[in-house]
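One structure is given below, encoded as structure tokens.
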Amino acid sequence: MSKPLQPALDPADPRPLWEQVAAEIRRAIADGEAKPGERMPLARDLATVLGVNRNTILRALHQLRDEGLLEIRQGRGITVAGTPERGAVMTRARELVAFARRNGYGPDELIAMIEAVS
């Protein structure tokens, strides 16, 4: 990352700390402070800097991984994997999969539908 990430956590904010951390990392990616391919600080280092539990940081990082913004690899660390747009598409894709499941469609049927409209 071009500059150290130091999210400002607000104890008065009603959001859990992990959501505040995730929001600040999303902002850094959106503003270009953290670009695809760049390494993120280690979770333990972020936890130390922010004065929070390492599990708080891990929860934020895993949320961002699930959104497609970060890639976490054992032994290789954490890298920025995508842009906010990719994260938005991942969110919509998850919503579509959940909607299809609720309506009785399996993965193969959903893939066939997506291919049909492409």
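The values are calculated or read from the model by the stated rules, or taken from the named source; none is laboratory data. Since this is a predicted model, take the numbers as computed values, not measurements. Positions of Cβ are generated from backbone atoms using ideal geometry, with glycine treated the same way; all protein chains shown enter the neighbour counts. With ligands, DNA and RNA removed, areas are computed over all heavy atoms of the protein, side chains included. Shrake-Rupley method; radii C 1.70, N 1.55, O 1.52, S 1.80 Å.
Structure notes:
- Listed by first and then second residue, the pairs linking a residue in the stretch 94-115 that is more than 18 Å from Asp66 (Cα to Cα) to a residue that is among the small types (Gly, Ala, Ser) and open to solvent by less than 80 Å² (accessible area, probe 1.4 Å), with Cβ atoms under 6 Å apart and 6 or more places separating them unless they lie on different chains, are Leu110/Ala100.
- The set of residues from the stretch 16-58 being touching a Pro at 6+ places or on another chain (Cβ under 6 Å) and open to solvent by 30 Å² or more (accessible area, probe 1.4 Å) comprises Glu24, Ala30.
- Helices (runs of 4 or more DSSP H) fully within the stretch 18-105 counting 1 or more residues that are at pLDDT below 90 and closer than 22 Å to Ala8 by Cβ: 43-50, 84-102
- The numbered conditions (1) under 16 Å from Arg27 (Cβ atoms); (2) touching a residue at least 12 places away in the same chain (Cβ under 8 Å) are all true for Glu85 except (2).
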